[in-house]
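Visitor: Here's a structure for you.
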Amino acid sequence: METLVASLNTVLYMLLVMVLGRWVVGRLPERDTVVAQLNRLVFSMFLPFMVFQNIYTTDIKSAFDGRLLVYLLTVLCAMWLLLMVLAPKWVQHRPTCGTFIQCAIRSNSIIFGIPLISGLFAGQELGCPTLVAAVTTIFFNVIGVITLEVYRGKAPDLRQIGKNLVKNPVLTASIAALFLALLELRLPASVEKAVGTMAGMASPMGLLLIGASLRLGVGQRTGALLGCLLLRLAVIPAIGVSGAVLLGWRGMELCTGLMVLATPTSVSAYSMAQMMGGNGTFAANQVGLSSVLGAVTVFFWILALGGLQLL
């Protein structure tokens, strides 16, 4: 019952903030321009501060589980390679196929996942899930670029991918926080307070912008969209979470796996598809529908795992 109440409260909170984003921000003139600018602000400032704060305040030496990160990256990489082979048989239109693969693999582990774990494990250190989310987000960026380049007929520019990784603010924040945490160095109290204030804005702003970005149409490629939703919200989590349970992970570690494997498609998938010759309409529909349906499916995943005494 305790898990049920905690998961219900967490999911309802996230849904309400998304609805507010749709109602308030989504009704502004030039909505797309405003949302794009705010997304850039969240990604370049608030998210890095949140990642830094969560890692910096955690005893990384005792809390971080490297095996879990390796397992999750292995599952994601295997599913990605499998879809690179199988998806062209299901989706013949190449720009849509690349977008299909990216949207099926790419979860919203930071903006959707971290608030979820924070609500379920209130008062506990979030360094492990935050670090896992940061690394998997970088992985999603790399495979997203490779996938979309391949399906628009171009060879991936590995040098440019490397440059983008070096300039990634989430990666920079993760490395800085790890450096300080591992050496047990502390920042001045005034700096810590400023970091905490900026970090606290990431989740509500991110959820507001998910709501503001929602496009709930189905479009012309209904079969591909339904298949992508099924993969993102059911098939990939079922495979990955089952493996994690069999390998012995429980509690926050198992919920971290759920965060990476079962959360809705990231809004970044839409932006990347738009910029790199993918099917932007398909990506927008996938992000919108998975965000709404994902709140329900994630609730049932948590309910099922809690009922089995695994969380």
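Visitor: What residues have an amide H closer than 5 Å to that of Ser107, excluding those fewer than 5 places away on the same chain, when H is modeled at 1.01 Å from N in the peptide plane?
Guide: Ser266
Visitor: Follow-up question, since we're still on this one. Each label point is 7 Å from the Cα along the Cα-to-Cβ direction; what then is the distance between the points at Lys193 and Val245, in nm?
Guide: With each label point 7 Å from Cα toward Cβ, the separation is 4.7 nm.
Visitor: Hey, another quick one. Can you compute 3J(HN,Hα) from phi for each residue in segment 252-269, using the Karplus curve 6.51 cos²θ - 1.76 cosθ + 1.60 with θ = phi - 60°, rounded to whole Hz and x for Gly and Pro?
Guide: These are the phi-based 3J(HN,Hα) values: 4, 5, 5, 5, 5, x, 4, 4, 6, 9, 10, 6, x, 5, 5, 4, 4, 4 Hz.
Visitor: Test of understanding: in a Gaussian network model of the chain with alpha carbons linked when under 10 Å, which of Glu192, Glu125, Glu30 would top the mean-square fluctuation ranking?
Guide: The residue with the greatest mean-square fluctuation here is Glu30.
Visitor: Would you kindly derive the ³J(HN,Hα) couplings of segment 44-54 from the backbone phi angles with the Karplus curve 6.51 cos²θ - 1.76 cosθ + 1.60 (θ = phi - 60°), listing them in order in whole Hz, with x for Gly and Pro?
Guide: Once θ is set to phi - 60°, the couplings for segment 44-54 become 8, 10, 5, 4, x, 5, 5, 4, 4, 4, 5 Hz.
Visitor: Would you work out which of Gly127, Thr197, Leu86 lies farthest towards the positive end of the dipole of segment 56-204? Charges go on Cβ: Lys and Arg +1, Asp and Glu -1.
Guide: The residue sitting most towards the positive pole is Leu86.
Visitor: Follow-up question, since we're still on this one. Rounded to the nearest whole Å³, what is the per residue volume of the convex hull around the Cα atoms of the chain?
Guide: Convex hull volume per residue, Cα atoms: 128 Å³.
Visitor: Please state the relative contact order of the chain as a whole percent: Cα pairs under 8 Å, 6+ residues apart?
Guide: 34
Visitor: Oh, and also: Fewest Cβ neighbours within 10 Å first, please rank Leu207, Leu86 accordingly.
Guide: Leu86, Leu207
Visitor: On to the next question. Have a look at Ala273, Ala173, Ala194 and tell me which one the Gaussian network model of the chain (Cα, springs below 10 Å) gives the largest fluctuation.
Guide: Top of the fluctuation ranking is Ala194.
Visitor: What does the charge dipole of segment 1-96 about its Cα centre add up to, to the nearest 20 debye, if the Cβ of each Lys and Arg holds +1 and the Cβ of each Asp and Glu holds -1?
Guide: Taking the Cα centre of segment 1-96 as origin, the dipole is about 360 debye.
Visitor: For the chain, modelled as a GNM with alpha-carbon contacts under 10 angstrom, which of Ile101, Ile60, Ile110 fluctuates the most?
Guide: Ile60
Visitor: Have a look at Ser44, Ile101, Ala244 and report the one farthest towards the positive end of the charge dipole of the chain, computed about the Cα centre with Cβ charges (Lys/Arg +1, Asp/Glu -1).
Guide: After comparing all options, I get Ile101.
Visitor: Suppose every Lys and Arg Cβ carries +1 and every Asp and Glu Cβ carries -1, with no other charges. What dipole size does the chain come out with about its Cα centre, to the nearest 20 debye?
Guide: 840
Visitor: Sticking with this one: Starting from 0.36 nm per residue, how many nanometres of slack lie between Ala238 and Leu82 once their C-alpha separation is accounted for?
Guide: Residue separation times 0.36 nm, minus the Cα-Cα distance, leaves 54.6 nm.
Bear in mind these aren't lab numbers, they're just calculated from the coordinates by the rules spelled out. Here the structure is a predicted model, which is why all the values come from computation and not from measurement. Backbone-built Cβ (ideal geometry, glycine too); neighbour counts: all protein chains shown.
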